[in-house]
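Trainee: First the structure, which I've put down as structure tokens, then a few questions once you've had a look.
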Amino acid sequence: ALARAVEREMGLFAGVLSSLGELHTLSDAVSEEAFAEFAGKGLLHQKAILGPFGFAQRIPDDLRAAVEFDGDDSGGRFKITEWTLSGLAPAGRRDEYYPLTYQSPENGLGLPLGFDLGSLPGQREAIERLRAGGGPALGASIRSPDPDAPSGFFILASIGAGSEFRGFTVARLWPQALLERALRQA
């Protein structure tokens with residue numbers, strides 16, 4: 001019974017995360033304000049299952065300048081960043097980036113908008129698994145702010161597939177919390 005409950009919980013988590021990618025494909029026809037209102041009111045089930053979630057868009061290097069904010073009204077909304085030994089800094093040059101372009105709630109994933117999720121250790125491999133098979137894929141390991149808490153993982157689900165791969169939805173999976181929910185059902 002416990003194994004079935006764990007499988008159900010994991011399947012629900014992965015299914016809800018994947019469904020957000022389908023929602024993202026409709027976003028071209030929706031204003032930012034309308035999406036924010038929908039996300040605040042219409043995604044209660046998703047938020048209850050996933051907790052904080054976000055979208056990361058694939059940005060080729062030749063489009064980086066067009067999406068980055070440069071202090072005037074001609075650029076985008078953020079700078080593409082990554083962690084360095086001295087803290088958050090502009091991302092180094094590479095062929096493509098996967099900046100966090102949206103998260104709910106604000107700062108819910110603990111990363112700033114524009115942070116290149118592809119820069120995290122182990123994350124590129126997860127992204128390549130998404131491109132190859134659609135996912136969901138287990139991404140980088142993360143630590144809870146509580147030093148005594150167990151580790152979690154970023155879970156990714158693709159937006160688009162193959163040559164149409166446009167990025168991914170992302171949420172944090174805490175295996176201990178998933179197991180506790182399954183135990184309550186078993």
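Trainee: If you add up the charges near Glu96, with Lys and Arg at +1 and Asp and Glu at -1, over every other residue whose beta carbon is less than 12 angstrom from its beta carbon, what do you get?
Mentor: Net charge in that neighbourhood comes out at +2.
Trainee: Same structure, new question: Can you list the residues of region 121-160 with backbone N under 16 Å from a point 7 Å past the Cα of Leu183, pointing along Cα to Cβ?
Mentor: The answer is 149-151, whose backbone nitrogens lie closer than 16 Å to the label point.
Trainee: What is the distance, in nm, between label points placed 7 Å from the Cα along the Cα-to-Cβ direction at Phe78 and at Ala66?
Mentor: In this crude spin-label approximation the distance works out to 1.9 nm.
Trainee: Ok, one more. Using only the Cα atoms of region 80-186, build the gyration tensor, take square roots of its eigenvalues as a ≥ b ≥ c, and label the shape rounded, prolate or oblate: rounded if a/c is under 1.5, else prolate if a/b is larger than b/c, else oblate.
Mentor: oblate
Trainee: Determine, for each peptide in 78-89, 6-17, the mean count of other beta carbons within 10 angstrom over its residues, then list the peptides with the highest first.
Mentor: 6-17, 78-89
Trainee: Mind listing the long-range amide H neighbours of Lys79? Cut-off is under 5 Å, sequence gap 5 or more, other chains count too, H placed in the peptide plane at 1.01 Å from N.
Mentor: Phe69
No lab work stands behind these numbers, since they all come straight from the coordinates. Just so we're clear, the structure is a prediction, and the values are computed from it rather than from any experiment. FYI the Cβ positions are ideal-geometry reconstructions off the backbone, even for glycines, and counts take in every protein chain you see.
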